[in-house]
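Colleague: Below is the structure I would like to discuss, written out as structure tokens.
Each value in this text was obtained by applying a stated rule to the coordinates, not by laboratory testing. These numbers were taken from a predicted model, which means no experiment stands behind them. Please note: Cβ atoms are built from the backbone with ideal geometry, for glycine as well, and neighbour counts cover all protein chains shown.
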Amino acid sequence: MNPLFISNIYEERRNKLSASFSHGIALFLSNNESPANYPANTYRYRQDSNFLYFFGLSIPNIVGVIDFERNRSLLFGDDYEIDDIIWMGNQPKLMNLAVEIKVDEVRPYKELASFIKNKPVHFTPPYRSENRIELARLLNRSIDELSPSIELIKKIVSLREIKSYEEIVQLEEACEIGVKMHTIVMKYCKPGITERELYGLAEGIALGMGNGTSFPIILSQNGQTLHNHEHNLILEKGRLLVMDAGAENVMNYCSDYTRTLPVSGTFTKQQKEIYEIVYQANIAAIANCKPGIQNIENHKIAVTVLTEGLQKIGLMKGNMEESVALGAHALFMPHGLGHQIGLDVHDMEDLGENFVGYDDTIKRSEIFGWGALRMAKMLIPGHVITVEPGIYFIPHLIDIWKKEKKFEAFINYDKVETYKNFGGIRIEDDVLITKDGHRVLGTHLPKSVVEIESILKP
Ligand code: GLY
Ligand code: MN
Ligand code: MN
């Protein structure tokens, strides 16, 4: 099991949640072991983040209940029997764990269905099929009739999105592991090594220092594919290597960094030109991170820097403001500037992206590119977000847009054609919003052209 914060923290979090509800209960199902290819061969265990936030325990087959009317919290679950202990070793008793997190009561799992019967039950959107089925059984409804509580979702987002001092310490630790993952890849990135070897080195650091990676590592010379999970190529002189990877520390807090490296050790002139544009977009967006700013403004700053840069080298043209507003840049950066990060790498997205990144003051755009922004709303102290602009030359997308003559007033398709083998560049950092501005988390990871080229030197 993972270590715990001091017990008061979980109790305080549950009390803050309870303060918003006068009746009914909130139900938090643990994640259970998930079989990979047969029941006893499971994927790495990962507890549900809402469960972790309110109950801390990283163990399967339990349900946490907050009873708003009686102002009590309960765990429903069963202690392990000797048949399990033979395989697993001795396990702590649920009653002892409940004391550690200041939960009032432990009851056998089989009593849960009758306990919740006829009570208003608030629950978050189940994202695992097993939990959908279990919720339907417990609530005596069909899966299609399950309706998560919007009230609960909104309250959880308002709590989890403000990272406490203790959580920031954990996030910093996850960042340090992430920095080490990237640093080792920078050390070994050379022509002749395979993508898979580098992937293994980075994954090894994440496993050796924490709870593994915060999402499957993206490490590829085909960086034009945004989430490329193939690692089959040998590194070739002249190509770029994109690595987007982060760690989960032992308390399940996450980091998420992207760096793009020239395999040869130095960027070509063309690579340097594009890299500088992405770098400037990253720097400009981070510089503007502060309370009171809507993060969509930071996205706008980044895509404006990209558009300006791409115009300067002749890949784009035309009226800058119109080009940005209409989303012509999305040919090169179809994704958003970033997302919140915390117990999940895309924090709380199980609760619904629009509840996390949008609110009553800002609605998601329907324009391609702009609409991909996950975190648009106003920044406040305690938010932790990623800033991850990129430029990609995606041959399929270029072909489609060119054929449709899309944004011909803003895009020089003839020149874009000559970049079809370029690949992609993304640069990503994790940023805490502070009272006065922001702080980039983690030890500085080489980022500028000079820094990257100097760390890649043999
Ligand atoms: N982990 C993919 C991303 O950077 O959002
Ligand atoms: Mn990333
Ligand atoms: Mn990210």
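Colleague: In straight Cα distance, which aspartates and glutamates are under 17 Å from K403, not counting same-chain residues fewer than 8 positions off?
Modeller: D414, E417
Colleague: What nm value, rounded to one decimal, do you get for the distance between N232 and T183 when each label is placed 7 Å out toward the C-beta?
Modeller: Label at N232, label at T183, 3.4 nm between them.
Colleague: Also: Based on the Cβ-Cβ distance of I6 and E408, what FRET efficiency does E = 1/(1 + (r/R0)^6) give at R0 = 60 Å, to the nearest 0.05?
Modeller: Given R0 = 60 Å and the Cβ-Cβ separation, E is 0.50.
Colleague: Ok, one more. Could you calculate the FRET efficiency of R439 with M378 from 1/(1 + (r/R0)^6), where r is the beta carbon distance between them and R0 is 25 Å, rounded to 0.05?
Modeller: Given R0 = 25 Å and the Cβ-Cβ separation, E is 0.85.
Colleague: Provide the three semi-axes, in whole Å and in decreasing order, of the ellipsoid equivalent to segment 388-427 as defined by the square roots of 5 times the Cα gyration tensor eigenvalues.
Modeller: 19, 11, 9
Colleague: Return the calculated 222 nm mean residue ellipticity for the chain, to the nearest 500 deg cm²/dmol, obtained by summing -39500 (n - 2.57) across DSSP H runs with n ≥ 4 and dividing by the residue count.
Modeller: -11000 deg cm²/dmol
Colleague: Expected output is a single nm value to one decimal: the length gained when fully extending between I82 and N15, i.e. 0.36 nm times separation in residues minus the C-alpha distance. What is it?
Modeller: Taking I82 through N15 to full extension adds about 20.5 nm, to one decimal.
Colleague: Please report the spacing between the Cα centers of segment 193-208 and segment 266-286 in Å, no decimals.
Modeller: That distance is 26 Å.
Colleague: Oh, and also: If you place +1 on the Cβ of every Lys and Arg and -1 on the Cβ of every Asp and Glu, how big does the dipole about the Cα centre of segment 55-106 come out, in debye to the nearest 20?
Modeller: 240 debye
Colleague: Could you tell me which of rounded, prolate or oblate describes the chain, using a ≥ b ≥ c as the square roots of the eigenvalues of the alpha-carbon gyration tensor, with rounded for a/c under 1.5 and, failing that, prolate when a/b is larger than b/c and oblate otherwise?
Modeller: Cα axes put the chain in the prolate bin.
Colleague: Follow-up question, since we're still on this one. What FRET efficiency do you get for Y165 and R137 if R0 is 25 Å and r is their Cβ-Cβ distance, rounded to the nearest 0.05?
Modeller: Efficiency, from the Cβ-Cβ distance: 0.05.
Colleague: A further question follows. Let's see if you can work this out: charge +1 on each Lys and Arg Cβ, -1 on each Asp and Glu Cβ, no other charges. What is the dipole magnitude of segment 187-340 about its Cα centre, in debye to the nearest 20?
Modeller: 440 debye
Colleague: Rank T213, A98, N41 by how far each Cα sits towards the positive end of the charge dipole of the chain (+1 on Lys, Arg Cβ; -1 on Asp, Glu Cβ) and give me just the farthest.
Modeller: T213
Colleague: Would you order C189, C175 from fewest to most other beta-carbon atoms within 10 Å of each residue's own beta-carbon?
Modeller: Ordered by Cβ neighbours within 10 Å, fewest first: C189, C175.
Colleague: Given axes a ≥ b ≥ c from the Cα gyration tensor, I'd like to know whether segment 329-458 is rounded (a/c under 1.5), prolate (a/b larger than b/c) or oblate.
Modeller: Here segment 329-458 falls in the oblate category.
Colleague: On a full-extension model of 0.36 nm per residue, what is the gain between E100 and N118, subtracting their alpha-carbon distance, rounded to one decimal in nm?
Modeller: Contour length minus Cα-Cα distance gives 3.5 nm.
Colleague: Please get the size of the charge dipole for the chain, origin at its Cα centre, with Cβ charges of +1 on Lys and Arg and -1 on Asp and Glu, quoted in debye to the nearest 20.
Modeller: 840 debye
Colleague: Among the lysines, which fall within straight-line cross-link reach of K300, defined as a Cα-Cα distance under 21 Å, with same-chain neighbours fewer than 8 residues apart omitted?
Modeller: Correct list for K300: K290, K312, K317, K363, K377, K406.
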